[in-house]
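To start, the structure itself, in structure tokens.
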Amino acid sequence: MKTRVIVVRHGESTFNVKRIVQGHHDESLLTEAGEAQASQVGDFLNGIDIDVVYCSPLKRAARTATLITDALAQGHVPQPTDLLKEISLPIWEAMSFADIEAKYPEEYRAWRHDPNELKMVVPQPDGTTEDFYPVRAIWQQAAEFWQKLLDNHQGQTVLLVAHSAINRALVGTAIGLGPDALNRMYQANCGISVLNFPGGWGECAQLESMNSTSHTGSPIPLLRKGFMGPRLLLVRHGETEWNRESRFQGQIDIPLNDNGRAQAAQARDFLKVIPLDGAVSSSMMRPKETAEIILEQQPDVSLSVTEGLWEISHGQWEGKFEHEIEAGFPGMLDAWQTKPETVQMPDGENLQDVWSRTVKTWNEIVAQYSHQETPKTVLVVAHDAVNKCILCHVSGLGPEAFWQFKQGNGAVSVIDYPDGVDSEPMLSAANITVHLSGSLFDKTAAGAL
């Protein structure tokens, strides 16, 4: 039985507003807006049976946890643990980012661009100094937390309330990312993420969704200050009849069913407040129709289509159900579901084939909208396997991590490039499906690709 973990960042704090580094410093409190965000999380999670709540003991997170559990009204008392404390940045805490950049330019550059190598020389009480690597330490802290949680709460639903860096470390360690990936993920104030663990510590989790913010009034996380590169809204096509039946589609050109068209319309309404500067789709029917429906609210945006984003070719599997594939190709389906990077589809593609053409096409889209006077927002609509390859790529993972990202029909993910195609991408949200069912959880068809 899977262990489901809901991860929440604290609400907006006084230091957030002033752009002051918090870390372990504990004078920062929730603002009025932060208190409202925390209550909104509780209202949004109402109806979900939660077994236990853990939180950081720092005031801004502990207060957020209290407001959430008050709104849940399930009788939970948040349990504080130092393993959910924010990253320790001892020589920076209570300083503004502007002052840090001016006084510690080398360390600040590492923080932004090479976090694994961020080193602080920390004075010790005996007059000596000690080298401290904050990002490596928070990754170790997250791994220790997961091991203890999974030892004690197998099969349960757990709510965690903590901070930006520790939450990124929790997600990163859960899906197999190292500390160099700190800045490849974003956690907004009171953003909600969902991780599913199939077993104990050591088995990578599935990232069901990340950084959902619609409950706070913003359908997707706001673009971070200073980002000048493109923002890409990655959407999976709506449901087809073969998705519903769990029949493998691949490159057979199956259209949307009525539910799929409804999902596309829900994505359209969800994204209508986000001005688009461009749109690209796989030229297959199901993503193209999804994109056309989404663009009904923005008729001035033209749609480009490409074969580079076509779904994986399943070859002889296409049109078949799982039991037919198992009968005809014994053992291959299990390999596809456990070690997908090792499978060559009979008369079709392997995952590296899809990866190569998808990433090439993706980078061409990013390059097209980079180096503009103002940041551009681009809709990209494709398929399950294609989107999973993109999410692995932008996160810094390889094809072996394919199944660790969920992609529901009509789901929205957000990828930002701070300085354009040559900068490291940031996964700002993943597999947001709240517009489809009103639920935090992905309830779309779990059909074949």
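What follows draws every value from the coordinates through simple rules; no lab data is involved. The structure presented is a predicted model; accordingly, all values stated were derived computationally and were not measured. Positions of Cβ are generated from backbone atoms using ideal geometry, with glycine treated the same way; all protein chains shown enter the neighbour counts.
Somewhere in the stretch 186-195, is a residue out of contact with any Ser or Thr (no Cβ under 8 Å at 6 or more places or on another chain) and aromatic (F, W, Y)? Taking every residue of the stretch 186-195 in turn, none turns out to be out of contact with any Ser or Thr (no Cβ under 8 Å at 6 or more places or on another chain) and aromatic (F, W, Y). For the stretch 74-89, check the following and say yes or no: at least one residue is more than 26 Å from G396 (Cα to Cα), hydrophobic (A, V, I, L, M, F, W, C) and without any contact (Cβ under 8 Å) to a residue 24 or more places away in the chain. No: the stretch 74-89 contains no residue that is more than 26 Å from G396 (Cα to Cα), hydrophobic (A, V, I, L, M, F, W, C) and without any contact (Cβ under 8 Å) to a residue 24 or more places away in the chain. Could you say whether any residue in the stretch 28-37 is assigned to a loop (DSSP other than H, G, I, E, B), more than 25 Å from the chain's Cα centre (by Cα) and surrounded by fewer than 22 Cβ atoms within 10 Å (Cβ to Cβ)? Looking for residues that are assigned to a loop (DSSP other than H, G, I, E, B), more than 25 Å from the chain's Cα centre (by Cα) and surrounded by fewer than 22 Cβ atoms within 10 Å (Cβ to Cβ), one finds at least one in the stretch 28-37, hence yes.
Checking each residue in the stretch 41-61 for being touching a residue at least 40 places away in the same chain (Cβ under 8 Å) and either surrounded by fewer than 20 Cβ atoms within 10 Å (Cβ to Cβ) or among the charged types (D, E, K, R) (or both) picks out D43, I48, D49, I50, D51, V52, R60. Residues in the stretch 133-174 that are among the hydroxyl-bearing types (S, T, Y) and crowded, with 22+ Cβ neighbours inside 10 Å: T173 alone.
Which pairs turn up if I take residues in the stretch 91-119 that are assigned to a loop (DSSP other than H, G, I, E, B) and look for partners that are exposed (fewer than 13 other Cβ atoms within 10 Å of the Cβ) with beta carbon separation below 8 Å, at least 6 apart in sequence or on another chain? Note: pairs meeting the criteria are I91/V121; M95/K103; K119/D131.
Hey, among D180, D151, which residue is in a helix (DSSP H, G or I), in contact with a Pro (Cβ under 7 Å, 6 or more places away or on another chain) and in contact (Cβ under 8 Å) with a residue 40 or more places away in the chain?
Just one listed residue meets the conditions, D180.
Checked against the criteria, E208 does not count as out of contact with any Gly (no Cβ under 8 Å at 6 or more places or on another chain), outside any helix (DSSP H, G or I) and free of Cβ contacts under 8 Å to residues at least 12 places away in the same chain.
Scan the stretch 127-143 for residues that are under 22 Å from the mean Cα position of the chain (by Cα) and of a type in the set (D, E, K, R) and the total you get is 1.
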